[in-house]
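Step one of this worksheet: look at the structure below.
No lab work stands behind these numbers, since they all come straight from the coordinates. Predicted model only: the values in this text are computed from it and were never measured. Cβ coordinates were reconstructed from backbone atoms using ideal geometry, including for glycine residues, and neighbour counts include every protein chain displayed.
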Amino acid sequence: MSPQNRVIDEIEARLRAAFTISALDIEDESEQHRGHSGWREGGQTHFHIALQSPDLEGKSRIARHRAVHTALGADLVERIHALRMTLS
């Protein structure tokens with residue numbers, strides 16, 4: 001496993017274990033934040049998750065975000081500086 005993909009791979013594995021996935025796209029946006037707070041050499045600090053899952057249907061935006069954070073786990077979330085989510 002490439003070090004560049006390590007966090008993305010963890011995110012994907014945990015989301016796939018927690019949700020029925022209709023569509024999933026995870027992007028490391030770290031380079032777009034070079035020089036900003038939380039940025040580290042090598043990336044893996046800023047991510048965008050686009051997730052479609054029937055498990056999220058009917059939930060509020062806050063409940064969807066909480067479900068994703070729970071699925072990722074505190075240990076992984078604390079290593080990520082910024083997590084942008086598009087959930088449906």
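Numerical summary
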quantity: Footprinting exposure proxy for D25, D75, D55 (fewest neighbouring C-beta atoms within 10 Å first); calculated: D75, D25, D55
quantity: Footprinting exposure proxy for S30, S60 (fewest neighbouring C-beta atoms within 10 Å first); calculated: S60, S30
quantity: Difference of contour (0.36 nm per residue) and Cα-Cα distance, A50 to T20; calculated: 9.4 nm
quantity: M85 long-range amide H proximity, modeled H, under 5 Å; calculated: I49
quantity: Relative exposure of I49, I26, judged by other C-beta atoms within 10 Å (fewest first); calculated: I26, I49
